[in-house]
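Beneath this line is the structure, given in structure tokens, with notes to follow.
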Amino acid sequence: MSLRGFSTASAGREFALLRTRPWDLAMISWVPLLAVFLIWWIFSAGLPERLPIGVLDQDHSSLSRQVVRFLDATPGLRVTQRYSDEGEMARALTSGAVDAAVQLPRELSRDVKQGRVGQVVLLHNAQLGTHSSLIQRDVRTAVATVSGGVELTVRNKRGESMKAARVSMEPIKASMVALFNTSTDYEQFLGAALIPALLHILAMTAGAWAVGRELRDRSIGGWLGASPRWHEALAALAGKLVLPFASLSAVALAAMLWITAGRGWHPVGSLGWTLFALVVFLALSIALGAFVAGLTRSLRTALSATGFITAPAFAFGGVGFPLVAMPLLAQVWANLLPYTHYIRVQMEQLQMGAPVAYSVATPLWMVLGTGVLLAVTAAALVRAAGAPESWGGR
């Protein structure tokens with residue numbers, strides 16, 4: 001039988017099998033689609049806005065009321081509660097009713113009028129890293145704006161011009177220039193990075209399940225035949241894996257096109273090369289799952305290896321935490337994970353607008369890796385087909 005014919009027969013057999021097992025089919029069709037949609041929906045707001053905070057105003061002065069107004073006017077904050085005492089404020093923070101609380105102490109206005117530094121106290125939950133950093137930034141901005149206004153007024157009353165007062169208050173000014181993700185859009189930054197990480201998990205699981213299921217159900221003989229040759233096993237393996245590859249690739253392409261062009265985001269780099277890298281990355285993930293299943297001849301072990309490799313991939317990918325700041329062993333482990341290399345290509349193209357030449361090598365190495373994994377898996381399946389005593393393992 002020809003290589004092409006055997007591959008077609010294997011694909012048809014896999015399709016017939018999936019039709020009788022709706023949950024197996026769901027894991028490579030509507031479940032990935034639903035999961036991707038949920039990730040997009042979570043980050044669809046783009047920018048975190050109107051985070052709830054509380055205020056304890058113990059000064060009750062025009063200055064303290066001005067601070068509260070500026071806090072509430074900041075796009076990232078929303079004053080939802082006002083407290084009468086510190087106990088009420090502490091209970092609100094402990095219960096999670098607000099993400100932070102601002103305390104304006106007594107005699108705040110008097111201290112400022114007498115030339116002393118007035119203290120505005122921010123109480124925030126540092127366990128919520130993103131919430132905490134955003135709230136700190138916005139509170140600093142609001143308080144600094146009020147403080148600058150007070151200082152300008154005082155200097156102007158002393159006879160100093162507004163222009164001279166601004167220069168003397170800030171003789172050296174830092175100019176911040178954001179090069180990439182200038183809007184700090186979390187949909188473009190985290191959402192676009194989490195979708196490939198999720199599909200990486202599903203793709204490797206699909207590869208491990210497709211091959212491991214044949215061993216578990218003792219049906220590998222019916223799939224490969226009595227004494228398959230290497231090229232026949234390779235064709236059968238390709239036919240079995242083409243369905244999850246096609247389905248997950250379609251979900252990945254649709255998701256990435258929606259989160260970019262569909263949402264009005266036109267990346268400065270090559271979207272086409274990024275999509276190619278994503279498809280190759282999924283092919284590598286599926287082949288890696290099949291490789292582990294064929295090598296261990298155990299569905300349970302293959303699924304365990306899938307979790308070990310794919311579950312921490314996002315954490316080690318350098319997106320949420322800088323890769324260069326990790327310990328040496330963590331950096332070594334991160335560089336062994338396929339996701340680390342794929343997400344670098346995506347960030348180079350979609351976020352940084354790097355020349356395609358910077359991102360050419362990684363997808364091509366992934367193509368080579370996929371071919372090697374499939375070839376080695378086919379050899380392992382030939383050996384497994386000749387050892388019926390190893391079939392049926394969980």
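The values are calculated or read from the model by the stated rules, or taken from the named source; none is laboratory data. From a predicted model like this one, the values you see are computed outputs, not experimental measurements. Methodologically, a virtual Cβ is constructed for each residue, glycine included, from the backbone with ideal geometry; neighbour enumeration extends over all protein chains shown. For the accessible areas, the whole protein counts, side chains as well, though only heavy atoms, and no ligand, DNA or RNA atoms are used. Shrake-Rupley method; radii C 1.70, N 1.55, O 1.52, S 1.80 Å.
When PRO228 is tested against (1) open to solvent by 50 Å² or more (accessible area, probe 1.4 Å); (2) within 17 Å of ARG13 (Cα to Cα); (3) not in a helix (DSSP H, G or I), only condition (1) is not met.
Within the stretch 203-219, none of the residues are more than 24 Å from PRO22 (Cβ to Cβ), surrounded by 21 or more Cβ atoms within 10 Å (Cβ to Cβ) and either in contact with a Phe, Trp or Tyr (Cβ under 8 Å, 6 or more places away or on another chain) or at pLDDT below 95 (or both).
Listed by position, the helices (runs of 4 or more DSSP H) contained in the stretch 61-132 that have at least 1 residues being in contact with a strand residue (DSSP E or B) (Cβ under 9 Å, 6 or more places away or on another chain) and free of Cβ contacts under 8 Å to residues at least 40 places away in the same chain are 62-73, 86-95. With respect to (1) among the small types (Gly, Ala, Ser); (2) at pLDDT below 95; (3) in a helix (DSSP H, G or I), the lone exception for GLY269 is condition (3). Scanning the stretch 44-66 for residues that are over 35 Å from the mean Cα position of the chain (by Cα) and open to solvent by 10 Å² or more (accessible area, probe 1.4 Å) turns up ASP57, GLN58, ASP59, HIS60, SER61, SER62, LEU63, ARG65, GLN66. Among the residues of the stretch 284-292, is there at least one that is open to solvent by 10 Å² or more (accessible area, probe 1.4 Å), modelled with pLDDT of 95 or more and more than 9 Å from ALA208 (Cα to Cα)? Yes - at least one qualifying residue is present in the stretch 284-292. Taking the stretch 339-357 as the range and being part of a helix (DSSP H, G or I), open to solvent by 20 Å² or more (accessible area, probe 1.4 Å) and closer than 22 Å to ALA252 by Cβ as the test, the residues that pass are HIS341, ARG344, MET347, GLU348, GLN351, VAL356. Under the condition of being under 30 Å from TRP265 (Cβ atoms) and either open to solvent by 30 Å² or more (accessible area, probe 1.4 Å) or not assigned by the TED database to the domain that holds SER249 (or both), the residues counted in the stretch 21-38 number 8. Out of the stretch 88-147, which residues are out of contact with any helix residue (DSSP H, G or I) (no Cβ under 7 Å at 6 or more places or on another chain), of a type in the set (D, E, K, R) and open to solvent by less than 70 Å² (accessible area, probe 1.4 Å)? Answer for the stretch 88-147, where residues must be out of contact with any helix residue (DSSP H, G or I) (no Cβ under 7 Å at 6 or more places or on another chain), of a type in the set (D, E, K, R) and open to solvent by less than 70 Å² (accessible area, probe 1.4 Å): GLU88, ASP111, ASP138.
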